[in-house]
Structures are given as structure tokens and as C-alpha cells.
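So the structure is just underneath, and the comments pick up after that.
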Amino acid sequence: MTPQKNNVVKILIGLLVLLSVTLRFMSLPYSNRDMIIHNLRWYETLNQQGIDKALATNFANYTPPYTYFIALATLTHNFIPPLTAIKIIPICFDLLGAFFIYKIVKLKYQQGNLSHLAAAIYFAAPTILLNSAYWGQADSIYTSALLICIYFLVTERPFIAMLAFGAAFSFKAQAVFLIPFLGIMLFRKKIHWLYFGLIPLVYLLAIAPVVILGRPLIDALLIYVKQSGSYPVLSMNAPNIYILFPNEWYSFIMPLGLVVAVLLILRWVYVTLQAATTLDHKYLILIALISTTLIPFLLPKMHDRYFYPSDVLSIALAFYWPSLWFVPILYQLGSLGATSIFLVKADPAFIVIGFLFNTVALAVLLRKQSEVENRAATNKTVSMALSWLASILIPIIFFGFGLNMLVTPSFVRVQYALSPAARSNLTKSERFHWASQSVDYLTNDRKTKFLENLKFENGALVFENREITLLDNAKKMTQAALALRNISLAFCFILGLLAWAGNWLPKLSQGIYRGGWLAMGLAVTLGLASIIGRANLNAYFQGADTILQLFPNSFWRDSLLFMLIILGGSGFLLTKIITVLQGRMQYNPAA
């Protein structure tokens, strides 16, 4: 590096450090719900009951090592405000993390100030700064221990590395995100299997003080088991695929997601072990980052902060692989989008954007790993199965979009304008008003109480109990279908990136082409079924007078016709587009 460039780097480092220190100082007075409900209460318990008495009880849902730091913070209660004292703990570990980012990058850049720049970028990174100084969370504690573990593994000192991992696990169960990487190192004979015994040993030593003080050993040992039963939701604003699943599907998706996640992670470990790639520093950083990303990306019940290790490691990766400079930016944006929901009550759509960023980042990392390992295209059987999955998803997507257009007041207005006036006691404007309210109910989050309170001008109820039940059932089916559409779209997005990363894009295009034909086939099937099984809806809606006035048989007939046009037309158009694209890909003027 030239002296001029080195001076520019020094100035940039100074500005980043100044900015990060200033923002941390400004963030200290801010509190939040987590602080009020948990951390500050733990502080008060320790301060009022006394450290020894409080530690002997189960007063916190974090592991004992974190409560030791809170206990130390209470010793400053006469001169440091509790909120500030609690936040100083993770800020100190921000410094430790910055030091080991420096150490890791220094392995590549022996000369110059790039390793200092890496540490400064880490220390000033938005998610790191917000997590500790603004939010007061403890993710920097276990993540800094993971950085120590990675550093000593890269420098071939596995004993110290596993001690560090044991410390990370003693603070947070999320340390297990590095387990696939450690498994690879075990099978590549970089870690002796006996060293894994250090993990429970360190944990036992970490909980020993509270057990000595009187806390039951089983209670301290099983704290992670108790934590796993908390929050029975598929995603706590984690930017992964599970944000798209309705939580009503929890009992089905939760075990299925666990099984699929374990199989895919084991598959990645197996494929990585098959490669004979040299375990140099840059390759180890790459697979360590993939390890910390795969688990929170694939598992249900993840939280918004669980990509924190990926946010950190991706910064080191960018210095080892300069062409991947954008990866840490994607992770920062993804995590910021997710955590902003809690911190500033941002629009939940930011979580979806975060999921998209994380998906792109993971695909880029997997493609880079494939290139480094000189891996051939994805196994034909696997790529063919995924290609057929895309085929099945296409008609679901088209059906969902068609349904989305049907359940809008705009469709009701158009249908009313085109169809002859129905026999009704209501005027056309009244019919449109109540029909619009009904279809809007199908896609909003209102409860049946909303329908029960609807009344005509004369005070009569708009819907009877049977009609409310019918509309509520229709709401559940509509929202399930729209959720399935969104999930199918997400999976197609993931399949597209996997096809790019695994070099099987032609097979994916064949799958999408088949999907177009399946959509047309579904349209024909539905059309024939409606002709063969034609039934008068009056029998189904018997006793539902208002629904029949708002949505007569002609309305349902036209809705079905519209859906058939959407399915068949979209499928036909898709097959033509794929045919043209495939023709252009096959034509090579240079051949």
C-alpha cells in the first residue's frame, strides 16, 4: 500500500472510531421493552436481594454467566445509572470483537492498516452498534467468543478454540450456529474429538458458582431446554422463510422445518467434506460464515437478532474476498430491517426485504464455495427434483394472484357493472358497499365481531350467524391460499438462486416451462369440473339471504371464468416466454 493510500486509510479509521464512539455515547440513555421487562429487573433483584441470594434463585431467563456481569454492574449503582451500567457490558465485548476481527484480518494483511480498518468497520457497523449501545443486548458476548474460536482454529490451536466455543455456548445457545463448521474441522482432523468434551466442561464450570450458592443443578443445567419452549411462533421477526408462514400452521410446519433444516445442513456438511480443498485462511472464514448463516436461515423459531454472527463474520470475509464486498452490506441491511420492527416499530415489510437480502447473500456464498471447491453442477437427481418443485409452485402462484384480484372491491365494482342487476331488496350502491366490506374482510385481520356489528340503516343486522360463519371460513381459506402463494413465490426465488449457485439454470427453466403447462392443465380441469358438477349455490347458502343478494350465482360464475383466464393465460404466456429465452440462450453467434 502506498503512503498516500495508507494515510487515507488512517483518516477513515479515525473517522469511523470517532463516529462509533459518539453514537454509542448518544445511545446510552435510550431504553426499550426488553430492558424494562428483563435486564433492569434482574439488576434490581441483584441489587436489592444481594448478589449471593439472588444468584441462588432462578430470577433470569439467561444463563448464569450473563447474570455474573449484571451482578458486577450493580457494584457501580452509586455512580453509574443502571441502564448505562448494563449497556457497558456488551460495549466492552464490542471492543473484544473488534480486536479479534483485527487479529483475523491481520493474518492476511501483515503490513499496512487494513486490519485496523476491518476492526473500525466492525466497531461502527450499524447492527453491532445498535445491538449493544442502543438495545443493550448480549449478542456481542457470545459472538466475540466465536471470533476467538475461529481465530484459534485458523491458527491451528484447537484446544484454546474449543475453550472459547464452550464459553460462547455458556452465554448463548446460538453459539451452536458454528457447530456445522466445527464438525467439518473435526472430520478434516483439525480438531481432536476429545476437545469437544471441553464444551460441557466449560458450561459446568460457568454454572458452578450459582450451584454452590444454592441453585439446583438441574435447574441451571436445563435452562436452554426451558428457553426452547418459549415463544411458540415460527419466526420472531427473523428474516428467514418462516416469516411467510401463518402462525396457525405452527404445529405442522415446526417439526417439518426442523427435519428439513437438519437434512439440508447435514447435506452441506457432507458436500463440503467431499471437497479436497486446502483449508487455508480465506476458505475457513468462508465456510465458518456459511455455517453461522445456514442454521438461522433454515430453522424455525429464530429471532430477529440471530443473524448477528453473520453480520460480524461477513466483515472479515470481505477483507479476505474483496469481490464479496457487498455481502456484509446485505447482512447489515437484512438485520437492520428485522430489528427495526422491535426498535422503531417499522413496517413488517422490512422483514421480507431482510429475508430477500439474506437469501441473496447465502446464495452468493454457496456459489463462491462451489467455485473454490471446483465442484461440478448439482447432482442431477437433486436438480431434477427441485426443477419439478418449481413446476408445482407455478400454478399455485398464478392461482394466488388470481384470487388476490378477485377479493378486491375493484373486482366487485367491475363485476357489478358488467352483469345484469340481481333481484335484491338492496340498491346497487348498497350492494356494492356491503359486498366491498365483505371481500375486504377476507384479507384483513379483523375478527368476526366486525361482521356482527354491521347494520343496515333500519338497524337490522347485515349478516346472520350462519352467514358470519360462512364468511369467516372463506376468510381462513383465502388467507391460507394467499400465504401459500407468498411461500411459493419465496421458494421460487430461492430455487432461482440455488440454480445459479449450483449451475442448473437450464433445468430450472424446464421446470418453469412445465409449470406453465400445469397451470393451463389446472384451468382446463377446473373448467370441466364446474361444467360436470354444476350446482346451484342457493343450496349451499340456504339461510344466507344477504350473501346471495351480494354475490348471486352470476357473480361466482364470472369469478370462476376470470380465474380460468388468469390460470390458462398466464400459463400460456409463461411457456412462450421460456421458449423464447431458451432459444436465445441456445443461439450463440460466436459458435
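The values are calculated or read from the model by the stated rules, or taken from the named source; none is laboratory data. Treat the numbers as computed from the prediction; the structure is a model and nothing was measured. Note that each Cβ is placed from the backbone with ideal geometry, even for glycine, and that neighbours are counted across all protein chains shown.
Couple of notes before you dig in:
- Yes/no for ALA529 being in a helix (DSSP H, G or I) and free of Cβ contacts under 8 Å to residues at least 60 places away in the same chain: yes
- Set side by side, the residues PHE355, PHE350 differ, and just one is under 25 Å from GLY136 (Cα atoms), under 13 Å from the mean Cα position of the chain (by Cα) and without any contact (Cβ under 8 Å) to a residue 40 or more places away in the chain, which is PHE350.
For (1) within 30 Å of ASN113 (Cβ to Cβ); (2) hydrophobic (A, V, I, L, M, F, W, C), each residue gets a yes or a no:
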{"site": "PRO328", "(1), (2)": "yes, no"}
{"site": "ALA338", "(1), (2)": "no, yes"}
{"site": "ASP347", "(1), (2)": "no, no"}
{"site": "SER387", "(1), (2)": "no, no"}
{"site": "LEU403", "(1), (2)": "no, yes"}
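- Qualifying residue in the range 173-188 (condition: in a helix (DSSP H, G or I), within 22 Å of the chain's Cα centre (by Cα) and without any contact (Cβ under 8 Å) to a residue 60 or more places away in the chain): yes
- Any hit, the range 366-373, residues being assigned to a loop (DSSP other than H, G, I, E, B), more than 16 Å from the chain's Cα centre (by Cα) and either touching a residue at least 12 places away in the same chain (Cβ under 8 Å) or in the same structural domain as LEU298 (by TED's automatic domain parsing) (or both): yes
- Qualifying position, being under 30 Å from TRP517 (Cα atoms) and touching a Ser or Thr at 6+ places or on another chain (Cβ under 7 Å), among ILE397, ILE392: ILE397
- Residue that is nearest to ALA98 (Cα to Cα) [pool: residues in the range 316-329 that are of a type outside the set (Phe, Trp, Tyr) and surrounded by fewer than 22 Cβ atoms within 10 Å (Cβ to Cβ)]: ALA318
- Within the range 197-245, restricting attention to residues that are more than 13 Å from the chain's Cα centre (by Cα) and among the aromatic types (Phe, Trp, Tyr), the residue that is surrounded by the most Cβ atoms within 10 Å (Cβ to Cβ) is TYR203.
- Boolean, LEU40 is touching a Phe, Trp or Tyr at 6+ places or on another chain (Cβ under 9 Å) and in the same structural domain as PRO209 (by TED's automatic domain parsing): no
- Selection count, the range 45-66, where residues are part of a helix (DSSP H, G or I), free of Cβ contacts under 8 Å to residues at least 40 places away in the same chain and surrounded by 15 or more Cβ atoms within 10 Å (Cβ to Cβ): 5
- Scope the range 154-172; condition surrounded by 20 or more Cβ atoms within 10 Å (Cβ to Cβ) and not in a helix (DSSP H, G or I); matching residues: LYS172
- Some residue of the range 472-480 being closer than 19 Å to PRO552 by Cα, touching a residue at least 24 places away in the same chain (Cβ under 8 Å), small (Gly, Ala, Ser) and in a helix (DSSP H, G or I): yes
- Check on LYS10, in a helix (DSSP H, G or I), modelled with pLDDT under 95 and surrounded by 13 or more Cβ atoms within 10 Å (Cβ to Cβ): yes
- Hits in the range 251-276 (condition: in contact (Cβ under 8 Å) with a residue 12 or more places away in the chain and either basic (Lys, Arg) or in contact with a Pro (Cβ under 6 Å, 6 or more places away or on another chain) (or both)): MET254, GLY257, ILE265, VAL269
- The range 286-332, residues that are touching a residue at least 40 places away in the same chain (Cβ under 8 Å), of a type in the set (Ser, Thr, Tyr) and over 17 Å from GLY354 (Cβ atoms): SER291, TYR320
- Among the residues of the range 217-245, those identified as modelled with pLDDT of 90 or more and in a loop (DSSP other than H, G, I, E, B) are LEU234, ALA238, PRO239, ASN240, PHE245.
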